[in-house]
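Worksheet: one structure, shown below.
The values are calculated or read from the model by the stated rules, or taken from the named source; none is laboratory data. All of these numbers come straight from a predicted model, not from anything done at the bench. Note: ideal-geometry Cβ built from the backbone for every residue, glycine included; neighbour counts use all protein chains shown.
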Amino acid sequence: MQDFKQLTTLVRRYVIESTTMAGSGHPTSCLSAVDLMTVLMFGGYFRADLKNPEYVNNDRLIFSKGHAAPLLYSLYTVAGAIDKKELLTLRTFGSRLEGHPTMKFPYTEVPTGSLGQGLSVGVGMAMNAKSLDKLPYNTFVLLGDSEFAEGQNWEALQIASYYKLNNLIGILDVNRLGQRGETMLGYDIVTYKKRIASFGWDVITIDGHNIKAIHNAYKKAIHSKHKPFMIIAKTTKGKGIKFLENKNGWHGKALQTDEAKKALNILKIKDENLVGKIKKPTKVKNKKYIVKSLIYNIYKEGDYIATRKAYGNILKHLGEIRNDIVVLDAETSNSTYVQTFAEKYPKHFFEMFIAEQNMISIAMGLSARGKKPFISTFAAFFSRAHDQIRMAQYAQTNICFVGSHVGVSIGEDGASQMGLEDIAMFRSFLGSVVLYPSDAVSTERLVVCMADYHGLSYIRTTRMDTPVIYSEKTNFKIGGSQTIKKSKHDVVTVLTAGVTVHEALQAYEMLKQKGIIIRVVDLYSIKPLDLTVIKKACADTKALIVVEDHYKEGGIYEAVCGSGVVTKPTYSLCVQKQPMSGRPEELLSYEEVDAQAIVKQVSLVVHI
């Protein structure tokens, strides 16, 4: 017990020294969790090879309360993984030790600056260990009481119980004080326990500063039989420094130099070179992921098939050749057509129910452990998980997003179900890929491209059946396009993608009867664009017309105009009126993105 008293004192000193040197940070939020985390890491409960942070059987530790990053860095300083000199670079430009955990720091699992997402990520990592890799590692998640106001935590609690993740251990730091005052429940530990237990978790409540009680809690947690385990710890914000303890108004404030000296005089230690030891994990063999040759489905030109169905068909074949692929779906698998994958590979399919935010963060956890998640729902519903996808980009995750039921062409379901903002959203993420195929062949080829791409990728799939227009030998790539109609006599180029490709082809035939020849380009890769083809269209034709089943803002038109290569007048046909229920053809006409609207716009341009 004396050793842990010295260790916890040293960790507290490091927290104060690093945040004072930085001039910012959240020292009081760190201090409340010091005892909990020191016992976890140096009490033999957390097992990791510090020289190999990515080792497959390391226990995983997620700081969901990411503002306690100085504590994370201080613990690894005490463990000898980084030196004190680096610790004192906290929050400085170019340092690995940023204000909230990022992937620059090798012991960060995922970035957690946006509160309320860490438990869901932990669910993904625990799923990977239990259901996929069959490994004995545990996943620990440090949670703050303030972030339990976020609904995503409760989504994570119920899905963890549903999948019986007894290898998932949450540590809830109930220090009572949030950013501006008391949290919703304050110190009502009984209510926390009742609520979390009601979601199917084993729960224990402890004094978060009683070292013996903390040891006993971890012993129970790591031997949980059938349920995830939550340790609810009553703690004191600012613990260890009397003039900070349980005082409002100190959140997110570093101590001034004189205050820090006073605090360090309180935190006296015999040996500042004390090192905490972390238990090593059991050695296991790495699981190999073998990629075999892919056999595509056979589609005949002229056949009618929805691209969402083609997605389900190719996903099943990908499951045959790649055992790193996992599929998550938000209770829409009979509409997104991933049910074909689920039926053949049930162990690699996870039903997430209607909880899209939780689904994204779980996919982050799976991706962080080397899996390739494909996650699907109606495109409109990805918008409620924008923040989770935003954080996924900073986690350098490798996730494929599939949004079905895009645009007004879905028809009778009405505006609430129509994905009309999805291109804009996914284009905005750093390094993302955005694809919109028009037929079954292009869908299959582009889904395979996504599987091979490292990073965030998104593909739109259409609800209605569309004709197959490409042969099996047609090549598709990220950053490519297909010029479907082209001649020396083209007067205007129509740039389009997805369902409106077919409208453009109808318009081509109608205009041809009038002696007007247009170029039709399937701009299936919206990000990145095929700039060479756009440049060529500008050189060869009088104007560009962009046609899309999406709002103008952030869509294909703005992508083209923002590419920096457009030199000719460019016109937009897009969704501009509030949609409503109706047949697809009625809605495409109403929004003026159908063949007739294209003919009208081309005629206007030709006669300017």
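Before moving on, here are some points about what is shown:
Listed here are the residues, each with its yes/no results for (1) out of contact with any Pro (no Cβ under 9 Å at 6 or more places or on another chain); (2) surrounded by 18 or more Cβ atoms within 10 Å (Cβ to Cβ); (3) modelled with pLDDT under 95.
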| residue | (1), (2), (3) |
| --- | --- |
| LYS237 | yes, yes, no |
| GLY249 | yes, no, yes |
| LYS262 | yes, no, no |
| ILE266 | yes, no, no |
| LYS270 | yes, no, yes |
| ASN273 | yes, no, yes |
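- The one condition in (1) in contact with a strand residue (DSSP E or B) (Cβ under 8 Å, 6 or more places away or on another chain); (2) surrounded by 21 or more Cβ atoms within 10 Å (Cβ to Cβ); (3) outside the structural domain of MET425 (by TED's automatic domain parsing) that THR461 fails to fulfil: (3)
- Single unsatisfied condition, VAL326 versus (1) in contact with a helix residue (DSSP H, G or I) (Cβ under 6 Å, 6 or more places away or on another chain); (2) under 29 Å from PRO53 (Cα atoms); (3) in a loop (DSSP other than H, G, I, E, B): (3)
- TYR137 being surrounded by fewer than 18 Cβ atoms within 10 Å (Cβ to Cβ), assigned by TED's automatic domain parsing to the domain that holds ILE231 and of a type outside the set (A, V, I, L, M): no
- Count - residues of the range 441-487 that are within 24 Å of ARG390 (Cβ to Cβ) and hydroxyl-bearing (Ser, Thr, Tyr): 4
- Residues that are assigned to a strand (DSSP E or B) and either of a type in the set (A, V, I, L, M) or crowded, with 20+ Cβ neighbours inside 10 Å (or both), drawn from the range 170-210: GLY170, ILE171, LEU172, ASP173, VAL174, LEU177, VAL203, ILE204, ILE206
- Single condition HIS489 does not satisfy, out of (1) surrounded by 17 or more Cβ atoms within 10 Å (Cβ to Cβ); (2) over 30 Å from GLY582 (Cβ atoms): (1)
- Count of residues meeting criterion [assigned to a helix (DSSP H, G or I) and buried (at least 17 other Cβ atoms within 10 Å of the Cβ)] in the range 552-575: 5
- Candidates THR183, THR205, filtered to the one that is assigned by TED's automatic domain parsing to the domain that holds LYS239 and over 18 Å from PHE140 (Cα atoms): THR183
- Of all residues in the range 191-225, those satisfying the criterion of being in contact with a strand residue (DSSP E or B) (Cβ under 8 Å, 6 or more places away or on another chain), over 25 Å from TYR162 (Cβ atoms) and hydrophobic (A, V, I, L, M, F, W, C) are ILE206, ALA213, ILE214.
- Scanning the range 534-551 for residues that are buried (at least 21 other Cβ atoms within 10 Å of the Cβ) and part of a helix (DSSP H, G or I) yields a total of 2.
- When restricted to residues that are surrounded by fewer than 24 Cβ atoms within 10 Å (Cβ to Cβ) and either in contact with an Asp or Glu (Cβ under 8 Å, 6 or more places away or on another chain) or within 24 Å of ILE423 (Cα to Cα) (or both), the range 507-524 contains 2.
- Put simply, of ILE211, ILE196, ILE204 the only residue that is over 19 Å from ALA33 (Cα atoms) and of a type in the set (Val, Ile, Thr) is ILE196.
- Hits in the range 34-49 - residues which are out of contact with any Phe, Trp or Tyr (no Cβ under 8 Å at 6 or more places or on another chain) and among the aliphatic types (A, V, I, L, M): VAL34, LEU36, MET37, MET41
- Only residues that are crowded, with 24+ Cβ neighbours inside 10 Å and either touching a Leu at 6+ places or on another chain (Cβ under 6 Å) or of a type in the set (A, V, I, L, M) (or both) were counted across the range 102-114, and they come to 1.
- Candidates GLN578, GLN601, GLN596, filtered to the one that is closer than 27 Å to GLY414 by Cβ and outside any helix (DSSP H, G or I): GLN578
- Helices (runs of 4 or more DSSP H) contained in the range 330-407 and holding at least 1 residues in contact with a Leu (Cβ under 8 Å, 6 or more places away or on another chain): 339-344, 356-368, 379-382, 386-394
- Restricting the range 285-313 to residues that are of a type in the set (Lys, Arg) and assigned to a loop (DSSP other than H, G, I, E, B), the residue that is farthest from ARG445 (Cα to Cα) is LYS285.
- Yes/no for LEU244 being of a type outside the set (D, E, K, R) and part of a loop (DSSP other than H, G, I, E, B): yes
- Condition check for LYS288 on (1) out of contact with any helix residue (DSSP H, G or I) (no Cβ under 9 Å at 6 or more places or on another chain); (2) buried (at least 21 other Cβ atoms within 10 Å of the Cβ): one failure, at (2).
- For beta carbons closer than 8 Å, sequence separation of 6+ or different chains, a first residue in the range 490-506 that is touching a residue at least 12 places away in the same chain (Cβ under 8 Å) and a second that is assigned to a helix (DSSP H, G or I) and among the polar types (S, T, N, Q), the qualifying pairs are GLY498/THR307; VAL499/SER409.
- Restricting the range 581-593 to residues that are part of a helix (DSSP H, G or I) and among the acidic types (Asp, Glu) leaves a set whose member that is farthest from THR496 (Cα to Cα) is GLU586.
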